[in-house]
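Worksheet for the structure shown next.
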């Protein structure tokens, strides 16, 4: 292990779900990546590709079926419950559906303050004061402390979630589609807030999204996922300038923005929808939809290989 | 091409001064406020706006599906060719639906009948509106499924909605909407529930159908990028009003209404480096409220005048007659 370990390192992570007695769904089929201190890594892919399963495996909710999750060099899948509880406040998560992520019967102030009860043994008054401070730090009116979630809008609930996650001063923030259910103007507000907090608290972020344009704007590096496997990891600018994996190209080409239409190449997926993850295709998982696939692609699974500084791709015939 | 109103074809659909109120215990909430526009054959109009701005209510008003308790203003008209659909009895309205105006809804799972096969749902429309024999209608349904790009259409026609993926269901819904050859197609957020790659394919299909059949199409979306890329003309809605209407190619480059400008600025763009700050609009889109005077965007606007609070700005064209905007203090300048 190196002298300064990454904030998060994932090694050969696998997540499986049981479907009935014999069948199982391999949602994440062995992926590895790392996130360095202060970095924002984007994890992108279509729905059902296993993005959220990766997030939950990192949070140990529940622990992954196989593989290691190293948090500052400490393997979260191996530590005992007591140590995990000690570590938990340093990695926090923001969920996609902010309204259902909050307890509807609790006042939102309570939901924010309770994060401290598990970590610091502060008296309640101080906890509430810290919660109010955090509310104004994320752009909420502290007078809303006594509201319940149904009284607040989607954007406000998302701010509550962010406030709750930041109460314990985490080092790592896992954001699972934090802006996908929000309106354009509110999405911009939340993205700006996350950027401000990232610099102020020195956060390291895993940013899961299906929106490539958002990822382009907030991430330093991007990992592209397809049917439980990584296709490509690359620095953001390099990926968008010249994607190496055909699937990355397909995703970038699908961004509906006027400036994108004139620039894009004519590589498009053969079928609009991915095959079922219950029964993934043999060889390269993308070969059934890849416009550039050849015989070898259906026979042999491409290993993930380094092709440049910080760039890795799993393709027999990369575009670079 | 120079625009001349004399040469413009007669519109298929013409909405005039449409206001809709919902009676609630908070009073009569104004969900649509004086909406007017027209749609000609073979053209598409994108309607964009944030949630609660009245997009869906507008679609429902056009096809006579307003919720109970909704009151339409007396001077409003929804002209479909020479017929005013408002005030038409349900029997007559049913003759226009599917044949004249058809609709594709946001969530295909809830608009398709879960206990009816895809083929039968499409055939039902044909039997009902085209007086086709069941057998012929079923055969036609398979042809339609083939036309909207459903693989193995014979097998799919016998399947139920829950056996299909989201994109496939939306294709079935589109096939059903197109079954009677409508002149106007209203698509209300048809791709919001779908993945980006599937979204591409469904929008490609809608555009191709619109071109081939020379339909007028209304595409409702919250995504300005989709509206700019996929339609001819875009109407931006805010708090129940159209606040700007312009040719789609101008949407990202030359807008006049500060709200549209701020919305475009708030979209993450491709040409900016990571961590480039986004410009944001403070506050939230307003919930439907009792009608007041003044510009609804006034509290969030970064260039308000005294006049904006007191007088509602009318939707008026500038030098370009195709570009209308409702603002006392517009951004940008005249020009292409």
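The values are calculated or read from the model by the stated rules, or taken from the named source; none is laboratory data. Predicted, not measured: the structure shown is a model, and the values here were computed from it. As a convention, Cβ positions derive from the backbone with ideal geometry for all residues, glycine included, and neighbour counts pool all protein chains shown.
So that you can scan it fast, the table gives a plain yes or no per residue for (1) over 23 Å from residue B:45 (Cα atoms); (2) crowded, with 18+ Cβ neighbours inside 10 Å; (3) within 11 Å of chain A (Cβ to nearest Cβ):
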{"position": "B:265", "(1), (2), (3)": "no, no, yes"}
{"position": "B:275", "(1), (2), (3)": "yes, no, yes"}
{"position": "B:280", "(1), (2), (3)": "yes, yes, yes"}
{"position": "B:313", "(1), (2), (3)": "no, yes, no"}
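Quick one: which of A:38, A:42 is surrounded by 22 or more Cβ atoms within 10 Å (Cβ to Cβ) and touching a helix residue (DSSP H, G or I) at 6+ places or on another chain (Cβ under 9 Å)?
Numbers: A:38 fails: surrounded by 22 or more Cβ atoms within 10 Å (Cβ to Cβ).
The unique qualifying residue is A:42.
Looking only at residues that are facing another protein chain (nearest Cβ under 9 Å) and in contact (Cβ under 8 Å) with a residue 40 or more places away in the chain in the range B:228-247, which one is farthest from residue B:183 (Cα to Cα)?
Across the range B:228-247, the extreme among qualifying residues is B:228.
Counting only residues that are surrounded by fewer than 21 Cβ atoms within 10 Å (Cβ to Cβ), in a helix (DSSP H, G or I) and either in contact with a strand residue (DSSP E or B) (Cβ under 6 Å, 6 or more places away or on another chain) or away from chain B (no Cβ under 11 Å) (or both), how many does the range A:199-217 have?
2
Against the conditions (1) under 27 Å from the mean Cα position of the chain (by Cα); (2) not in a helix (DSSP H, G or I), where does residue B:144 fall short? Just the number, please.
(2)
Name every residue in the range B:38-84 that is touching a strand residue (DSSP E or B) at 6+ places or on another chain (Cβ under 8 Å) and farther than 30 Å from residue B:229 by Cβ, in order of residue number.
B:64, B:66, B:67, B:69, B:70, B:71, B:72, B:73, B:75, B:76, B:77, B:84
Quick check: anything in the range A:259-268 under 16 Å from residue B:197 (Cβ atoms), at pLDDT below 95 and outside any loop (DSSP other than H, G, I, E, B)? So that I can check it myself, show each step before the final result.
Quick first cut of the range A:259-268, residues under 16 Å from residue B:197 (Cβ atoms) only: A:260-261, A:264-268.
Adding the requirement that they be at pLDDT below 95 leaves A:260-261, A:264-268.
Cutting the leftovers down to outside any loop (DSSP other than H, G, I, E, B) gives us A:260-261.
Yes, there is a match, as at least one residue in the range A:259-268 is under 16 Å from residue B:197 (Cβ atoms), at pLDDT below 95 and outside any loop (DSSP other than H, G, I, E, B).
Every residue in the range A:244-258 that is out of contact with any strand residue (DSSP E or B) (no Cβ under 7 Å at 6 or more places or on another chain) and not in a helix (DSSP H, G or I), please. Write out each step before concluding.
Here is the first cut: in the range A:244-258, the ones out of contact with any strand residue (DSSP E or B) (no Cβ under 7 Å at 6 or more places or on another chain) are A:246, A:249-250, A:252-258.
Of everything in the range A:244-258, those that are out of contact with any strand residue (DSSP E or B) (no Cβ under 7 Å at 6 or more places or on another chain) and not in a helix (DSSP H, G or I) turn out to be A:254, A:255, A:256, A:257.
Here is a check on your reading of the model: is residue B:103 modelled with pLDDT under 95, touching a strand residue (DSSP E or B) at 6+ places or on another chain (Cβ under 7 Å), part of a helix (DSSP H, G or I) and crowded, with 19+ Cβ neighbours inside 10 Å? Walk me through how you get there before you give the answer.
Working: modelled with pLDDT under 95: yes; touching a strand residue (DSSP E or B) at 6+ places or on another chain (Cβ under 7 Å): yes; part of a helix (DSSP H, G or I): no; crowded, with 19+ Cβ neighbours inside 10 Å: yes.
It is false that residue B:103 is modelled with pLDDT under 95, touching a strand residue (DSSP E or B) at 6+ places or on another chain (Cβ under 7 Å), part of a helix (DSSP H, G or I) and crowded, with 19+ Cβ neighbours inside 10 Å.
Please go through the range A:271-297 and give me each residue that is within 12 Å of chain B (Cβ to nearest Cβ) and either within 16 Å of residue A:230 (Cβ to Cβ) or surrounded by 13 or more Cβ atoms within 10 Å (Cβ to Cβ) (or both), ordered by number. Spell out the reasoning first.
Pass one, the range A:271-297, residues within 12 Å of chain B (Cβ to nearest Cβ): A:271-276, A:286, A:289.
If the condition is that a residue be within 12 Å of chain B (Cβ to nearest Cβ) and either within 16 Å of residue A:230 (Cβ to Cβ) or surrounded by 13 or more Cβ atoms within 10 Å (Cβ to Cβ) (or both), then A:271, A:272, A:273, A:274, A:275, A:286, A:289 are the ones that fit.
How many residues, within the range A:161-185, are farther than 14 Å from residue A:197 by Cα and either more than 12 Å from chain B (Cβ to nearest Cβ) or at pLDDT 95 or above (or both)? Steps first, answer last, please.
First, the residues of the range A:161-185 that are farther than 14 Å from residue A:197 by Cα: A:176-185.
Going one step further and asking which of them are either more than 12 Å from chain B (Cβ to nearest Cβ) or at pLDDT 95 or above (or both), we end up with A:176-178.
Within the range A:161-185, residues that are farther than 14 Å from residue A:197 by Cα and either more than 12 Å from chain B (Cβ to nearest Cβ) or at pLDDT 95 or above (or both) number 3.
Of all residues in the range A:70-100, which are free of Cβ contacts under 8 Å to residues at least 24 places away in the same chain and under 19 Å from residue A:208 (Cβ atoms)? Break it down into steps so the answer makes sense when it comes.
Pass one, the range A:70-100, residues free of Cβ contacts under 8 Å to residues at least 24 places away in the same chain: A:74-83, A:86-87, A:100.
Residues satisfying the conditions are A:76, A:100.
Any chance the range A:81-97 includes a residue that's outside the structural domain of residue A:34 (by TED's automatic domain parsing) and over 18 Å from residue A:169 (Cα atoms)?
Taking every residue of the range A:81-97 in turn, at least one turns out to be outside the structural domain of residue A:34 (by TED's automatic domain parsing) and over 18 Å from residue A:169 (Cα atoms).
Give the number of residues within the range A:218-236 that are surrounded by 24 or more Cβ atoms within 10 Å (Cβ to Cβ) and either without any contact (Cβ under 8 Å) to a residue 60 or more places away in the chain or within 7 Å of chain B (Cβ to nearest Cβ) (or both).
Counting residues in the range A:218-236 that are surrounded by 24 or more Cβ atoms within 10 Å (Cβ to Cβ) and either without any contact (Cβ under 8 Å) to a residue 60 or more places away in the chain or within 7 Å of chain B (Cβ to nearest Cβ) (or both) gives 2.
For the range A:101-183, which fully contained helices (runs of 4 or more DSSP H) count at least 2 residues that are in contact with a helix residue (DSSP H, G or I) (Cβ under 6 Å, 6 or more places away or on another chain) and free of Cβ contacts under 8 Å to residues at least 40 places away in the same chain? Quick ask: steps written out before the conclusion?
Details: elements: A:108-119, A:124-137, A:154-166.
Filter on the range A:101-183 gives A:124-137.
Has the range B:152-168 got at least one residue that is more than 29 Å from residue A:256 (Cβ to Cβ) and buried (at least 21 other Cβ atoms within 10 Å of the Cβ)?
Yes, the range B:152-168 contains at least one residue that is more than 29 Å from residue A:256 (Cβ to Cβ) and buried (at least 21 other Cβ atoms within 10 Å of the Cβ).
Tell me whether the range B:296-305 contains one or more residues that are in contact with a strand residue (DSSP E or B) (Cβ under 7 Å, 6 or more places away or on another chain), outside any loop (DSSP other than H, G, I, E, B) and at negative phi. Can you show your working first?
Kept after step one, since they are in contact with a strand residue (DSSP E or B) (Cβ under 7 Å, 6 or more places away or on another chain), are these residues of the range B:296-305: B:296-297.
With outside any loop (DSSP other than H, G, I, E, B) added as a condition, the list becomes none.
No.
Residues checked against (1) closer than 23 Å to residue B:236 by Cβ; (2) more than 16 Å from the chain's Cα centre (by Cα):
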site	(1), (2)
B:20	yes, yes
B:49	yes, no
B:55	yes, no
B:92	no, yes
B:103	yes, no
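Assuming residue B:169 fulfils every condition listed in (1) closer than 30 Å to residue B:266 by Cα; (2) within 12 Å of chain A (Cβ to nearest Cβ) apart from one, which condition is it?
The single condition residue B:169 does not satisfy is (1).
Taking the range B:173-193 as the search range and keeping residues that are crowded, with 24+ Cβ neighbours inside 10 Å, within 30 Å of residue A:248 (Cα to Cα) and over 13 Å from the mean Cα position of the chain (by Cα), which one is farthest from the other protein chains (Cβ to nearest Cβ)?
Step by step, filter the range B:173-193, then rank; the result is B:173.
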